[in-house]
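A quick write-up on the structure given underneath.
The values are calculated or read from the model by the stated rules, or taken from the named source; none is laboratory data. Only a predicted model underlies this, so the values are computations on that prediction, with no experimental measurement involved. Every residue, glycine as well, gets a Cβ built from its backbone with ideal geometry; the counts of neighbours run over all protein chains shown. Ligands, DNA and RNA are stripped out before the accessible areas are found, and what is left, the full protein with its side chains, is counted by its heavy atoms. Shrake-Rupley method; radii C 1.70, N 1.55, O 1.52, S 1.80 Å.
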Amino acid sequence: MRTRCTQVTAAVLTATLLASGCGGDGGDGTELEVFSWWTGGGEEAGLEALIERFEEDNPDVDFVNAAVAGGSGTNAQAVLEGRLQSQDPPDSFQGHAGAELQDYIEAGYLQPLDDFFAEQGLQEAMPDQLAEQITYDGSVYSVPVNIHRSNVMWFDPGLLEEAGVDGAPGTLDELVEALEAVEAETDAIPMAVGAQWTVDHLLESVLLSSLGTDAYNELWEPGANWDTPEVTEALETFEQIMEHTQEESAAEDWQEASRRVSDGEAAFNIMGDWAAGYFDELGATPGEDYDWAPSPGTDGTYMWLSDSFTLPEGAPNEEQAMAWLELVSSAEGQDLFNPVKGSIPAREDTDPAEYEDSPYLSEALAEWQDEPELAGSFWHGVTVGNRWKNEVDTAVGLYLGDGELDTLQGSLHEAAQAE
Ligand code: GAL
């Protein structure tokens, strides 16, 4: 396997790529270039498990790992857009099922995969609501590899005890009380955050809890009204929580924020369940070094997202890309990837025994199979495309600088009107 163009920083994204000529090969058919943002702790190991199997099955193909560092794809998506616009696509890239994928489809960047789905029996293997999120105008455009949960609260049980907090807070009010107690009674950070996107991630859990599942989902309808007392209340709670975080830092990605919990430096971190994969990699003990619960007030709702792989128009090595898609769509591939990644399979016919070693994942799988209420993660591409999402991020960034909650609410409302 070769690695291409990893660790590109936001500041030098597109220019670096264009100048260095990074991108696909000349299409001689001996290479497969896969693009993702899985480079860091917990993320890379899942990808590596798939690459290893791919290389065993395809010894003549040179696998090029074109991952670009940066949690939730903040850097990778900008790099990818540049490559797609300049007609230099990788052979396959990671994209979220839902509105994010729709952006790529509408721009004409993706090939439909209907025949592949029929050959592999994928429609039958995936839940209907997931199939809907990858379908556009009657055709399917990507291959989901997993289901992640966004609304998970990770906490350090030892620090909660030290602060006199009796178990995981079940509501936002209880969370704020717990944060105050941690602040007063311990030296730890009450709520850890990392780079700015982790604050966007926290915001979606607070909105879900404060508004409820239906009203949260409705927020992401084009033209939705964010100028309501209910949204004001949700944002006020968000502000109260933010008062108990350390300053967000571009230098710390989600791994650092989650690690602070398992290392006893922070009491809470609201982060997707990719953290479960990372805690395993760190050798942390579930129930001791860290524990988890749904984000306060969201029990019974799975705020979901799904990573999927695509076949871009003009992929230089289409035959190899199809072999990759076959692997990631297979039950075997999903059971190699997901237990390490900290996600549950997109397919419904995989082997539950593969998830039994992880107390978190076996619980997540059971809950998913129990048909919970569903909310789409906005930050991770389900409910809105990149334009809307980036406007939310800009508004959150300004708020973090000026603390003007009214302005934040106004900008969030504006962002919803622009669709
Ligand atoms: C999400 C992605 C996950 C995980 C996470 C943190 O957007 O779907 O697979 O990688 O970002 O980087």
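Odds and ends about this structure:
- For the chain, with all protein chains in place and a probe radius of 1.4 Å, 42% of the accessible heavy-atom surface sits on carbon or sulfur.
- Kirkwood hydrodynamic radius over Cα pairs of segment 77-176, then Stokes diffusion coefficient at 4 °C and 1.567 mPa s, in µm²/s: 77
- Annotation: per residue accessible area for segment 185-230 equals 35 Å², rounded to a whole number [probe 1.4 Å, protein chains only].
- Ranking Asn386, Thr135, Ser258 by Cα position along the charge dipole of the chain, where only Lys, Arg, Asp and Glu carry charges on their C-beta atoms, puts Asn386 farthest toward the positive end.
- Per-residue ellipticity at 222 nm from helix content only, as computed over the chain with -39500 (n - 2.57) for each DSSP H run of at least four residues, stands at -14000 deg cm²/dmol.
- In terms of packing, defined here as the mean over residues of other Cβ atoms within 10 angstrom, the peptides 104-113, 305-314 line up highest first as 305-314, 104-113.
- Lys/Arg +1, Asp/Glu -1 at C-beta; segment 166-258 dipole; positive extreme among Ala192, Leu203, Gly223: Gly223
- Kirkwood-based Rg to Rh ratio, the chain, C-alpha trace: 0.95
- Based on protein heavy atoms only, segment 85-181 ends up with 39 Å² per residue of surface accessible to a 1.4 Å probe.
- Probing with 1.4 Å while keeping every protein chain in the model, the per residue accessible area of segment 337-419 equals 43 Å².
- A straight line joining the Cα centroids of segment 29-61 and segment 336-386 runs 21 Å.
- Selected from Pro359, Phe279, Pro294, residue furthest toward positive end of dipole (the chain; charges at beta carbon): Phe279
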